[in-house]
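Beneath this line is the structure, given in structure tokens, with notes to follow.
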């Protein structure tokens, strides 16, 4: 898959930064020694961590060169690492692993989460947020368009849809045996979008990327046109012409 676009992602920076801000508010640490922002993207979540823990060493980690380029521009004094979370190993001094909207992309992400939590010392925190929106129309339409167009037989398109997240009980049973405290909760955001087309723009920076990446320019336009047609039909304007994007997210906070 081609690289993620930091510019596209940041078109909705304020809305995308609300979940990491809400997750960070629940982290029960005052002065962690070493903080790692897993899947730091363009640095918007890393900036929150630097602001909350100004005396700590904060490091951002991502696999996208474009995201890391933007993050380094944003936070020139921070260290950023290009690495794959699946194989990356935290340093022994790590007191906080902070993961905003990235675990859902990893193959067998539950095993990765357990490995990372097990690697932490007693009292360290693993804080995770993941979109739990695969049953929402905006995500269901991606799958439908992927299965119905001339691109339907493309192996990368077939593999593009995200699976549903496991139930919260599965995360509890997986992580509770290796931590002293675990909190799991959902928050449903209702983001105010300028119009239905803005929903397409939102997902072009995230879950539409695996569908669009394998296609040439003409096919991308056809895919987006078919997708936007479904969005317009499902997300009706409110009295002021704007639409509401319902966006459920799952939060997990585990203390080793």
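The values are calculated or read from the model by the stated rules, or taken from the named source; none is laboratory data. Only a predicted model underlies this, so the values are computations on that prediction, with no experimental measurement involved. Cβ sites come from the backbone with ideal geometry, for glycine too, and all protein chains shown count toward neighbours.
Residues in the stretch 90-100 that are outside any strand (DSSP E or B) and in contact with a helix residue (DSSP H, G or I) (Cβ under 9 Å, 6 or more places away or on another chain): 1 in all. Within the stretch 52-73, the set of residues being assigned to a helix (DSSP H, G or I) and either within 18 Å of the chain's Cα centre (by Cα) or surrounded by fewer than 18 Cβ atoms within 10 Å (Cβ to Cβ) (or both) comprises 65, 66, 67, 68, 69, 70, 71, 72, 73. Among what's in the stretch 151-170 and is farther than 17 Å from residue 133 by Cα and surrounded by 11 or more Cβ atoms within 10 Å (Cβ to Cβ), pick the residue that is nearest to the chain's Cα centre (by Cα). Checked the stretch 151-170; the qualifying residue nearest to the chain's Cα centre (by Cα) is 159.
Highlighted here are the helices (runs of 4 or more DSSP H) found entirely within the stretch 101-210 that include at least 1 residues which are in contact with a helix residue (DSSP H, G or I) (Cβ under 7 Å, 6 or more places away or on another chain) and over 27 Å from residue 89 (Cα atoms): 137-148, 155-158, 196-204.
Regarding residue 226, is this residue over 23 Å from the mean Cα position of the chain (by Cα) and under 19 Å from residue 161 (Cα atoms)? So residue 226 passes the test. Specify the residue that is surrounded by the most Cβ atoms within 10 Å (Cβ to Cβ); the eligible residues are those in the stretch 23-48 that are within 14 Å of the chain's Cα centre (by Cα), over 23 Å from residue 161 (Cα atoms) and at pLDDT 95 or above. Checking each candidate, the answer is 37.
Within the stretch 216-234, the residues that satisfy the criterion of being in a helix (DSSP H, G or I), over 22 Å from residue 246 (Cα atoms) and free of Cβ contacts under 8 Å to residues at least 12 places away in the same chain are 217, 218, 220, 221. Within the stretch 113-145, being within 16 Å of residue 162 (Cα to Cα) and touching a strand residue (DSSP E or B) at 6+ places or on another chain (Cβ under 9 Å) holds for 129, 130, 131, 132, 133, 135, 136, 137, 138, 139.
For residue 230, the stated conditions do not hold, so it cannot be described as out of contact with any helix residue (DSSP H, G or I) (no Cβ under 6 Å at 6 or more places or on another chain) and at pLDDT 95 or above.
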